[in-house]
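Every number here is computed from the coordinates shown, using simple stated rules; none is lab data. Owing to the predicted nature of the structure, the values given are computational and were not obtained by experimental measurement. Glycine gets a Cβ as well: all are built from the backbone with ideal geometry, and neighbour counts include every protein chain shown.
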Amino acid sequence: MSLVNYATREITCKIVYYGPGRSGKTTNLHYIYGQVPGDRKGQMVSLATQTDRTLFFDFLPIDLGTISGFTTRFQLYTVPGQVYYQTTRKLVLQGADGVVFVADSQARQLEENIESMQDLHANLAEQGVDARTMPLVIQYNKQDLPSEMVTSVVELDEALNFRGVPSFAADALHGPGVFETLRGISEQVLRRLSTGSQGR
Amino acid sequence: MVGAGNRLATAAARAVAESPGAVYNPLFIYGGSGLGKTHLLTATAHLLATTDPDAEIVALTLDEFSEQFQAAVSAGEPQAFTGRLAQTDLLLIDDIQFLTGRREMQAELLRHLTRMQEQGRQIVCASDRSPADIADVDERLIQQLAGGLVVDISAPEYEARVAVLRGACTERGVVVPAGALESIARKSVLSVRELLSALNEWIARQTLGGDRTPTGRTPMRGTASVARVTRATPLGITPVSLTPSSVTPAASTPVPGNAPAAPRSGEFLSFLSDVASAVQLHVESWQVRLRETIAYWSAQGYRTGVLERALSLPTDPDVPALVSVYVEAVEHLRALEAAAVSVDRTLAGQSIFRDPEQLEAAEDLVERALAGEMPPGGPTPAFTRESFDEGASNQLAVHAGDAVIASPGTRYNPLFITGGSGLGKTHLVHAIGNAIADASDGRLLVSCVHAQVLVDELIAAIQQGTVERWRSRYRLADVLIVDDVQFLAGKERTQDEFFFVFNSLIEAGKQIILSSDRSVSEIPELAERLRSRFEGGLTAVILPPDRPLREKLVARFLAALGRPSTPELLDVVCDLPVQSVRELIGIVNRLAAAADARGCPLDAALARAELGFGASSSATMAPAAAAEAAGDRTFLDRERVIWDWPDVGARLIEEMR
């Protein structure tokens with residue numbers, strides 16, 4: 001996938017929400033879906049089990065209209081977090097322009113967060129992508145839970161954010177931090193327009 | 001908002017909307033990005049629609065105009081598109097600067113605009129630059145666009161900026177403290193878009209800081225309360241800064257209840273505004289403009305190396321000037337190619353006409369083509385004398401060739417090489433040509449053509465009335481090699497012309513080398529005067545390769561494929577009654593493919609199995625070898641020889657029947 005197509009004057013950003021199971025990736029998309037005006041969003045495709053676990057992936061296309069002569073679209077994807085959906089995760093990750101890593105702030109989920117982050121890097125490496133060059137932001141979700149249940153942002157940063165990428169505390173269920181995260185990854189991805197690493 | 005920067009443009013647009021087609025036709029509005037050109041176009045359309053509800057108004061960007069026209073053409077209904085425009089009272093075209101380089105679109109637009117103007121239909125165009133500054137556009141179209149009124153829109157002055165900000169706040173229902181908007185308006189901004197972005201930023205900062213307006217209202221409807229700040233929000237979320245090291249931890253407090261928060265519709269708009277600012281910032285960089293140009297010209301088939309190198313420059317080059325020079329070079333190349341093709345159709349599409357960096361070489365090529373000073377092409381470099389193996393079957397031809405290489409034009413002139421198909425005639429004549437060129441350090445001009453090319457070029461020259469140039473080209477050669485001259489059979493005019501070329505070269509002491517798959521006497525419908533001349537030098541025959549030559553060749557072909565050649569393997573392959581070198585190459589390739597498919601080494605056992613030999617190759621090959629020695633060709637025909645005899649039982653049953 002190309003971020004910017006100069007021939008057709010289109011900018012298409014594929015952003016993948018990655019993270020362990022039940023960390024709130026789909027919740028992020030649901031919140032965004034609820035905020036985007038009807039004429040700007042496409043059908044949100046969500047393949048979930050009866051218990052609302054993502055079975056394959058969620059997909060939310062957003063049309064941002066024509067900006068500086070470029071038809072600009074965002075495509076938001078989530079991956080299934082469960083360990084056994086490895087193949088689907090790789091598939092969805094292909095051609096991503098940016099990744100939002102949604103971490104579950106609950107203290108008992110720290111190990112799953114670390115494993116999922118390692119899984120992300122392994123899958124990027126397998127696809128020949130240098131993780132250091134891939135735009136990435138981290139969202140620490142569920143920070144609204146009682147403090148005794150959650151790992152602090154500093155601790156999470158120490159455990160997960162070894163690259164020092166932008167990180168955001170969030171409560172995806174209610175909205176705080178969701179758009180800030182999306183704005184953060186968008187800035188990173190769009191910055192590549194001028195570096196041209198994705199240009200065609 | 002009307003200010004000093006857009007007053008003239010607004011007045012002109014209003015006049016146009018009030019009496020379309022009567023004044024300022026076309027009206028051309030230009031100005032930097034984000035200054036409200038599109039807004040003004042839309043307002044013009046709106047005003048006309050209000051005053052005259054029956055008016056036909058079409059508002060398109062240039063890309064949309066192009067897409068709709070192409071769609072109409074694809075649907076086979078270009079007239080429908082033309083008809084629709086003919087009914088239009090007001091046509092508004094935005095972003096018309098993207099006409100650059102789109103020749104077909106320019107011609108189409110010129111046609112439509114001319115017709116609309118003749119019919120008194122109003123046209124309004126908007127661009128980020130003046131008509132004269134739009135590069136690579138037909139001069140007639142530029143004149144057409146600039147023929148009405150050209151007005152610019154400049155950045156809004158302070159008062160207009162304050163008015164824009166107040167309007168935006170009113171529209172969004174945002175109340176700001178006194179003096180805040182004036183403070184934002186004092187910032188140095190170049191466009192309305194930047195101004196609104198600054199307002200958004202200010203509102204976001206105020207909101208994130210938890211400040212409330214003096215009236216107690218929420219500063220902006222539904223703005224997110226979490227972002228990159230370093231203190232706790234009312235919700236108890238611990239915000240995080242961009243740099244993890246600067247994070248200040250704060251105790252999280254639970255959210256009361258778990259009900260979903262109320263929708264905050266401003267979030268998306270704020271996000272959209274930020275994305276628009278980011279895209280605008282990056283899209284308008286000089287590198288992006290350069291990439292756009294590269295994408296366009298690459299798609300047209302031109303090399304863009306010079307532009308690509310400019311991308312890696314550390315500082316902003318003068319992109320418009322660079323692109324302008326590039327486009328001029330491309331136009332020059334097009335003109336050169338047209339000139340070259342007018343004298344020689346074979347020059348069409350040559351890569352030299354697609355590379356602006358080879359402009360001088362292209363000019364030189366065309367100059368020589370026009371002067372008839374371009375001899376036909378040289379021999380293929382891949383065929384070298386060193387790679388041509390000598391054996392008893394081709395000894396005469398090789399030695400004659402070596403003599404010609406040693407002193408071209410003096411011995412064996414012409415040298416006529418004949419032999420069956422696939423025996424290496426083409427390789428040898430090209431090799432002789434290359435060796436002569438090398439030996440003379442390029443002083444001797446060696447031309448090498450296939451006889452069919454000779455015929456085709458003459459036909460083209462006759463069509464274009466450039467036969468004299470055709471003759472001149474061939475007479476320029478110091479060594480002329482014509483491969484497969486049997487193709488001259490029955491081509492009377494070519495034979496006539498070639499006769500004169502032949503005589504001219506021989507008289508001038510130039511070397512001629514010919515090849516044919518049959519002897520001169522066997523070429524039908526060949527003029528007697530040519531026949532005698534072809535036989536006037538030396539005719540050297542190449543025969544099918546004998547056993548030692550086959551061994552040499554097979555070993556060479558195996559080595560080229562990176563396969564070892566053992567004596568046993570060479571025995572198996574070279575025992576085959578092969579009639580041509582080409583056939584031998586085919587066999588070696590077949591064996592290599594079989595070895596790959598079976599995953600085993602290419603050895604004698606594989607060769608026997610693949611080539612259908614029995615248990616003992618020597619036993620089965622004996623008749624062939626004997627037949628070859630005896631000159632009995634019957635046994636050399638694989639269709640007539642049974643290589644794999646049935647077993648004894650089957651043969652007995654056959655005998656007893």
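Structure data summary
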{"read-out": "Exercise: per-residue mean of other protein chain Cβ atoms within 10 Å, A:10-17", "value": "1"}
{"read-out": "Under-5 Å amide H pairs with A:LEU136, H placed in peptide plane, nonlocal only", "value": "A:VAL99"}
{"read-out": "Of A:LYS14/A:LYS41; A:LYS41/B:LYS37; A:LYS25/A:LYS142; A:LYS14/A:LYS90; A:LYS41/A:LYS142, pairs whose Cα-Cα distance is over 19 Å", "value": "A:LYS41/B:LYS37; A:LYS41/A:LYS142"}
{"read-out": "The stretch B:103-110 - phi-based ³J(HN,Hα) in whole Hz, Karplus 6.51/-1.76/1.60, Gly and Pro as x", "value": "4, 5, 5, 4, 5, 5, 5, 4"}
{"read-out": "Between the stretch B:490-569 and the stretch A:77-148, the Cα center-to-center distance that results, in Å", "value": "70 Å"}
{"read-out": "Amide hydrogen neighbours beyond the local backbone of B:CYS448, cut-off 5 Å, H modeled", "value": "B:GLY377, B:GLY378, B:ILE481"}
{"read-out": "Inter-centroid distance (Cα atoms) of the stretch B:297-353 relative to the stretch B:1-22, Å", "value": "41 Å"}
{"read-out": "Intensity falloff of the stretch B:1-115 expressed as log10 I(q)/I(0), Debye formula with alpha-carbon point scatterers, at q = 0.10, 0.19 Å⁻¹", "value": "-0.32, -1.09"}
{"read-out": "Other protein chain Cβ atoms within 10 Å, averaged over every residue that makes up A:137-150", "value": "4"}
{"read-out": "Length added when fully stretched, B:ALA11-B:THR170, from 0.36 nm per residue minus Cα-Cα", "value": "54.7 nm"}
{"read-out": "Phi-based couplings in Hz for the stretch A:12-22 (Karplus 6.51, -1.76, 1.60; Gly and Pro marked x)", "value": "10, 10, 9, 10, 10, 8, 10, x, x, x, 6"}
{"read-out": "Nearest-0.05 FRET efficiency for A:LYS90 and B:ALA594, computed from C-beta distance (R0 25 Å)", "value": "0.10"}
